[in-house]
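Heads up, the thing below is written out as structure tokens.
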Amino acid sequence: MYSEKVMDHFQNPRNVGEIEDASGVGTVGNAKCGDIMRIFLDIDDETHIIKDCKFKTFGCGAAVATSSMATELVKGRTVEEAMKVTNKAVMEALDGLPPVKVHCSLLAEEAIHAALWDYAQKHDITIEGLDKPKSDIHEGEEEDEEAY
Ligand code: FES
């Protein structure tokens, strides 16, 4: 049911933990399943490159695997490039997720956006394409699920 990559990232998640004095922190949850994800970003103010990224996820295995992969995908990228790390990109990198687990990857995308939003707010900058994130991805989830 799960790809080898999903199992690998679930069993050996990368970048677990917290970053002290992070440049941006984002927390999102899904009221329906009760899962919560928090992403920490360490961003270079000059280059806007994400030097480090860590996560804490209180959630299902797919949420752990998608947060782990999402942190790997944004590390070393600029904030603008990190905007391209969508839930689809994360799922592709994991060789797919079962349909009922697609919402878990949305949590990863939204948590990154929330952390970028926090960074943008603190530095008074605008990141193209970034809107104020939802704190609960369950709102509007139906539309998102219909897209797949
Ligand atoms: Fe909710 Fe996976 S079941 S994030």
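None of the figures in this text is laboratory data; all of them are computed from the coordinates on show. Worth saying up front: this structure is predicted, and the values here are computed from it rather than measured.
Taking the chain as a Gaussian network of alpha-carbon nodes connected by springs under 10 Å, the highest mean-square fluctuation of the residues Thr27, Thr126, Thr66 belongs to Thr126. Mind checking the angle between helix 102-123 and the chain's longest principal axis? C-alpha axes, 0 to 90 degrees, to the nearest 10. Relative to the chain, helix 102-123 is tipped by roughly 10 degrees. The alpha carbon radius of gyration of region 67-134, expressed as a multiple of 2.2 N^0.38 Å, is 1.11.
Compute the helix-to-body angle for 61-74: its Cα long axis versus the longest principal axis of the chain, expressed 0 to 90° and rounded to tens. The answer is roughly 30 degrees. Applying D = kT/(6 pi eta Rh) to the chain, where Rh is the Kirkwood radius over alpha-carbon pairs, T corresponds to 20 °C and eta to 1.002 mPa s, the Stokes-Einstein value obtained is 144 µm²/s. Across Lys56, Lys32, Lys75, mean-square fluctuation computed from a Gaussian network of the chain (C-alpha pairs under 10 Å connected) peaks at Lys32. Its relative contact order, with pairs defined as Cα atoms under 8 Å and 6+ residues apart, puts the chain at 29 percent. Computed over region 1-65, the percent of Cα pairs more than 14 Å apart is 61.
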